[in-house]
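The values are calculated or read from the model by the stated rules, or taken from the named source; none is laboratory data. What you are looking at is a predicted structure, and each value in this text was computed from that prediction instead of being measured. All Cβ positions, glycine included, derive from the backbone under ideal geometry; neighbour counts span all protein chains shown.
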């Protein structure tokens, strides 16, 4: 149990710290760095405690029940592979946080950076530790979303916005493909549990849907790890701050793709299709990234394409899929994370101290920055695969894996040659990085005079370089136990013997390595003029940048095709568009019904039904009158619409649905009041409506009447078919039997909303909050058009005085009514669990009380006496509802589980209480806030309030 709680802490702690970091003021860099650093240290301590339990191919699993009926549980699982990956995420994360403390400027919004970094580490932790494949995809998409915020951190820059948008579109699209693949896998296996999926490899690979699953799965993995042809997004993400690039592109985001390739290899790998697709794409990406990196002049651009190349190397190893290749893949994940993070930090130091990353302007920095130069040279040597450095060992294992016979296919025979050629280009761009930047004459046109950075800014690079040297010279002592534990979790019990030694003798892998380094030196020396002159690369290199193709495709899908569809399908005016939607729905309904043997039973008619028909004759007359009066008088049409609404309320009472009747009545009142406030801003009636073209107006009305009759007849027939069909057992019977026993309430409707289906209600109030904020955001920027019916006249003060005199009596009455309305709201809230009412009805009731104050009195007069903060009400409502749901986890129950019992209160006696009441209070708070927010947005456009000047920072609190 303790280990399970530690797993939960590993995931939740970064998110909690992220929320705390976001509240810190700008300029408090030390506080934010301490908070983030301590979070990483706590996570590292937890991993140290968990390590003994994950050795010998063991795993720890902790399950927190959520929606168990459909297999959605919050399951966290850690084994040797995910443990080693977590060490990379946490360890390099700590060094990045220390580095960012000195890299970022004091006036940068550092709280946002640290908050996003911590949230990203939490999302990555959730991805690595997910024991449920659906939750894995949720965290997968969360990493895409937070990386969008990190890449676009400097959102005032166009390249940052473009890079963030590109990365989000590409990686999130891949996540959708991965989601479909996981759903199909779960359906085949019969479980979404990761352990069950990993054991069902033959069942999945033998299924007829395996090719579809494989393509969708690889689409997700390849987009995240920037594999060809989706590699273009990663170089465009270099507009992010260097600490972000160092973290995302060494140990976290881009490694997520290769993580799932290795994690799901037992379930999806081992087939010919897997080998051809994964190995082929991996080798293509390996060579492409290495070639393009040689021609890049931006330091981070070179490192970005180098990352693409090394990710291709790991992907190719995952495609080969032999136990030795999988061990090499895990080994190179560690090595690449270490030397690439140090190189990104070194590039950031060079940019920070010289003011440029352009290699054509940099030269001779070893004189001014000797320590940084030494560290960067060692890390570059590790990237090139120089002996006695960690990159050399994993590169040799890669060469050996491609050299060994696998399946004798043309791709298998070609793999060693591609590996050597890519290794040669890797040595060439590493050599170019070293020689161009640190040697030669001192640069003369740098924006800043270069010098060494502060010691603590250089310390993370030194630590990582020391690890490169330690693994390179003493691999057995430094890494072998951890690598064996991680590899066993990937390969399984049949892990072969392997030895990490600096010298294995003269082997084919050593010969291939020597050929690659020699050839790389020649590649660097021969075409120097081609590499160092001109723009970024040759014409071929520019053609290999698929970013232009992405921009063209995005423009096609977001601009050209929508414009074409708009020209073909659009109709002028909102009414015409609604008419098209209604007709399309009508045609679909009648087509579906035409294929069924569908008979509407005729009801028996008695005096009771005749009274009901008379009631609806009144309602129908009101509806027709509203449609007719809309032609002449909008206010009269609004009154008649209210009459139709009252008939609807009476219908609910007639059919024994008092909850619906109360809700309908309250919503009718609130809607009518809001429409009264906004009625004046409707545009002038067109000539057609005004009667200049009477024939066209009558034709339009007759056409709309026919459409309404057809739709109304269909809905009436459908309702009759449902009501008059002989009853059978339904879910409603279960609710009636269990509402009091399970939910502690006799009002079945309210128990369903706040207990049995509380998650649906939580989603609905979230949507209501979004709608309220959207309406406010739109209307607060609305200014009446010149052609409006009436516009505020300049004599505001005189008009206000006249209105106050005219509305004195109704304003006083509304003030007297306000207290009884508050009491009525409380009454509806507290009785809602047993009698008609509840949080929604209570929230609308109190909002109506405020609405009446605005309608009957001067807006300024109301706001001078009432302080309402609707955004805070909405935030409080969502927080309360979510907290009540999450509180069930503390007691081991699924999210939003309710508990009911009687409380013995002195004097009063036993009183029924349920946690659902607290959730209902969240509903009440949010409904009240959303309606009042929309009310304020409309009321402030009224004649009685002059437009307020908008604050410069647009952060004025809503009142």
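Is it the case, given these coordinates, that residue 134 is buried (at least 21 other Cβ atoms within 10 Å of the Cβ) and either touching a helix residue (DSSP H, G or I) at 6+ places or on another chain (Cβ under 8 Å) or modelled with pLDDT under 95 (or both)? So residue 134 does not fit the description; no.
Listed here are the residues, each with its yes/no results for (1) in the same structural domain as residue 347 (by TED's automatic domain parsing); (2) under 30 Å from residue 495 (Cβ atoms); (3) touching a strand residue (DSSP E or B) at 6+ places or on another chain (Cβ under 9 Å); (4) surrounded by 18 or more Cβ atoms within 10 Å (Cβ to Cβ).
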site	(1), (2), (3), (4)
34	no, no, no, no
49	no, yes, no, no
56	no, yes, no, no
77	no, yes, yes, yes
87	no, yes, no, yes
104	no, no, no, yes
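If you go through the stretch 211-229 and keep only what is buried (at least 22 other Cβ atoms within 10 Å of the Cβ), in a loop (DSSP other than H, G, I, E, B) and over 20 Å from the mean Cα position of the chain (by Cα), you end up with 227, 228. Taken over the stretch 490-527, the criterion of being at pLDDT below 80, surrounded by 12 or more Cβ atoms within 10 Å (Cβ to Cβ) and over 30 Å from residue 81 (Cα atoms) is satisfied by 527 alone.
Does the stretch 850-867 contain at least one residue that is at positive phi, part of a loop (DSSP other than H, G, I, E, B) and modelled with pLDDT of 55 or more? There is no residue in the stretch 850-867 that is at positive phi, part of a loop (DSSP other than H, G, I, E, B) and modelled with pLDDT of 55 or more. Residues in the stretch 661-676 that are touching a residue at least 40 places away in the same chain (Cβ under 8 Å) and crowded, with 17+ Cβ neighbours inside 10 Å: 661, 662, 663, 666, 667, 669, 670, 673, 674. Restricting 617, 610 to residues that are modelled with pLDDT of 85 or more, surrounded by fewer than 17 Cβ atoms within 10 Å (Cβ to Cβ) and over 28 Å from residue 934 (Cα atoms) narrows the list to 617. Touching a helix residue (DSSP H, G or I) at 6+ places or on another chain (Cβ under 7 Å), surrounded by fewer than 14 Cβ atoms within 10 Å (Cβ to Cβ), part of a loop (DSSP other than H, G, I, E, B) and modelled with pLDDT under 95 - does that describe any residue in the stretch 375-395? Scanning the stretch 375-395, I find no residue that is touching a helix residue (DSSP H, G or I) at 6+ places or on another chain (Cβ under 7 Å), surrounded by fewer than 14 Cβ atoms within 10 Å (Cβ to Cβ), part of a loop (DSSP other than H, G, I, E, B) and modelled with pLDDT under 95, so the answer is no. Scan the stretch 913-930 residue by residue and report those that are over 27 Å from the mean Cα position of the chain (by Cα) and over 18 Å from residue 886 (Cα atoms). Of everything in the stretch 913-930, those that are over 27 Å from the mean Cα position of the chain (by Cα) and over 18 Å from residue 886 (Cα atoms) turn out to be 913, 924, 928. For residue 99, the conditions (1) surrounded by 21 or more Cβ atoms within 10 Å (Cβ to Cβ); (2) over 17 Å from residue 194 (Cβ atoms); (3) under 27 Å from the mean Cα position of the chain (by Cα) are fulfilled apart from (3). Every condition in (1) modelled with pLDDT under 85; (2) closer than 17 Å to residue 765 by Cβ holds for residue 925 except the one numbered (1). Take the stretch 118-141 and flag every residue that is assigned to a helix (DSSP H, G or I), within 22 Å of residue 42 (Cβ to Cβ) and more than 15 Å from the chain's Cα centre (by Cα). 118, 125, 128, 129 - these are the residues of the stretch 118-141 that are assigned to a helix (DSSP H, G or I), within 22 Å of residue 42 (Cβ to Cβ) and more than 15 Å from the chain's Cα centre (by Cα). Restricting 260, 278 to residues that are assigned by TED's automatic domain parsing to the domain that holds residue 437 and modelled with pLDDT of 95 or more narrows the list to 278. What do you reckon, is residue 204 in contact with a helix residue (DSSP H, G or I) (Cβ under 8 Å, 6 or more places away or on another chain), surrounded by fewer than 24 Cβ atoms within 10 Å (Cβ to Cβ) and not assigned by TED's automatic domain parsing to the domain that holds residue 519? Criteria met by residue 204.
For the stretch 15-32, does any single residue satisfy the condition of being part of a helix (DSSP H, G or I), within 30 Å of residue 756 (Cα to Cα), out of contact with any strand residue (DSSP E or B) (no Cβ under 7 Å at 6 or more places or on another chain) and at pLDDT 90 or above? For the stretch 15-32, residues part of a helix (DSSP H, G or I), within 30 Å of residue 756 (Cα to Cα), out of contact with any strand residue (DSSP E or B) (no Cβ under 7 Å at 6 or more places or on another chain) and at pLDDT 90 or above: present.
Here's the yes/no breakdown for (1) at pLDDT 70 or above; (2) over 30 Å from residue 233 (Cβ atoms):
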residue: 535; (1), (2): no, no
residue: 550; (1), (2): yes, no
residue: 554; (1), (2): yes, no
residue: 559; (1), (2): yes, no
residue: 568; (1), (2): yes, yes
residue: 575; (1), (2): yes, yes
residue: 589; (1), (2): yes, yes
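Put simply, of 432, 367 the only residue that is in a helix (DSSP H, G or I) and buried (at least 21 other Cβ atoms within 10 Å of the Cβ) is 432. In summary, helices (runs of 4 or more DSSP H) completely within the stretch 719-825 and bearing 1 or more residues that are within 30 Å of residue 842 (Cα to Cα), modelled with pLDDT under 80 and not assigned by TED's automatic domain parsing to the domain that holds residue 874 occur at 731-743.
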